[in-house]
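Notes to accompany the following structure.
The values are calculated or read from the model by the stated rules, or taken from the named source; none is laboratory data. Computed from a prediction, not measured in an experiment: that's the story for all the values here. Glycine also receives a Cβ, built like all others from the backbone with ideal geometry; neighbour counts cover every protein chain displayed.
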Amino acid sequence: MLDKPRHAVDGSRIPSAVRKRFSVALAFDDGYLDHYQIAELLYGRGVRATFFLITGMKYWNNKPLLTHQPQLIRNMRKMKHEIASHTHSHPNLQCITREQVGHELRSSKQYLENLLNEPVEGFAYPYGKYDRRICRTASDYYGYARTAGEPQNPNLYEVPIRSPGSSLRACSLEMTKDMLRSEGFAIILLHATNTRSVRVWIEYMKMFRVHFATVSEIVDAYFVRRNGLTESG
Ligand SMILES: [Zn+2]
């Protein structure tokens, strides 16, 4: 199943809370097998996150990937987490041919859609590497593409993350002012992290009554409309 990417938005799908409160989306890259424990932990606390998965390999950075047990990926989706793509084999997309880029994006989407039996809209550039040509290819297959930085002109195919490279603590302190204003959003990329630090961080966020959303929901609420790509809304 390879559905066309979404360029129109169904407003009824967007929880109104996404725009009324400060929204935070947690993103996890690469799809390590131990992300399953984090998915369960978040589920137990009513928090949904977005997992960007490598789909064509069994190991990355010498760590086993969720592709060892695809059933777990299905379970994560049942927990209402968003499952998104991070390519088939995690290449630097700027160093391969246009055909290879197409293959990486297509294979990964096919794998996830066959597994989940639903459209997969989200994509994240490996190493955060992309250019205009790669953005265009991403738009052929996906509804949005997430970077690993803070691009100058964020848009559907250059979705920013907050405070790249800084620690979770530093990032949270920086966000605190915004959270107190109760508007806006932040997409946080969590690298190697243990369940304990995630737990502590969730409690901190909850003190500010943030709304936890998926990356897809934040993109729907802030990017499609702001860029005027739809007539509705
Ligand atoms: Zn990665």
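Here are the numbers for the structure shown:
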item	result
Residues of segment 151-161 satisfying the condition of being closer than 17 Å to Leu26 by Cβ and surrounded by fewer than 21 Cβ atoms within 10 Å (Cβ to Cβ)	Pro160
Matching residues, segment 128-154, being in contact with a strand residue (DSSP E or B) (Cβ under 8 Å, 6 or more places away or on another chain) and outside any helix (DSSP H, G or I)	Tyr130, Tyr142, Gly143, Tyr144, Ala145, Arg146, Thr147, Ala148, Pro151
Which listed residue is outside any helix (DSSP H, G or I), in contact with a helix residue (DSSP H, G or I) (Cβ under 8 Å, 6 or more places away or on another chain) and either farther than 29 Å from Ser23 by Cα or modelled with pLDDT under 95 (or both), from Ser166, Ser172	Ser166
Qualifying residue in segment 90-109 (condition: in contact (Cβ under 8 Å) with a residue 60 or more places away in the chain and aliphatic (A, V, I, L, M))	no
Candidate set from segment 92-123 (those that are within 16 Å of the ligand (Cβ to nearest atom) and not in a helix (DSSP H, G or I)); member that is surrounded by the fewest Cβ atoms within 10 Å (Cβ to Cβ)	Asn92
Boolean, Arg74 is of a type outside the set (Asp, Glu), surrounded by fewer than 23 Cβ atoms within 10 Å (Cβ to Cβ), in contact with a Phe, Trp or Tyr (Cβ under 7 Å, 6 or more places away or on another chain) and modelled with pLDDT of 95 or more	no
Flag for Ser89 being under 17 Å from the mean Cα position of the chain (by Cα), small (Gly, Ala, Ser) and either within 29 Å of Met207 (Cα to Cα) or crowded, with 16+ Cβ neighbours inside 10 Å (or both)	no
Scan of segment 124-143 for residues that are in contact with a Phe, Trp or Tyr (Cβ under 7 Å, 6 or more places away or on another chain) and either among the polar types (S, T, N, Q) or surrounded by 24 or more Cβ atoms within 10 Å (Cβ to Cβ) (or both), ordered by number	Ala124, Ala138, Ser139, Tyr142
All helices (runs of 4 or more DSSP H) inside segment 14-89 with 2 or more residues being more than 23 Å from Tyr144 (Cα to Cα) and either more than 15 Å from the ligand (Cβ to nearest atom) or in contact with a strand residue (DSSP E or B) (Cβ under 9 Å, 6 or more places away or on another chain) (or both)	35-44, 70-78
Residue tally, condition over 30 Å from Pro64 (Cβ atoms) and either modelled with pLDDT of 85 or more or in a helix (DSSP H, G or I) (or both), over segment 205-230	11
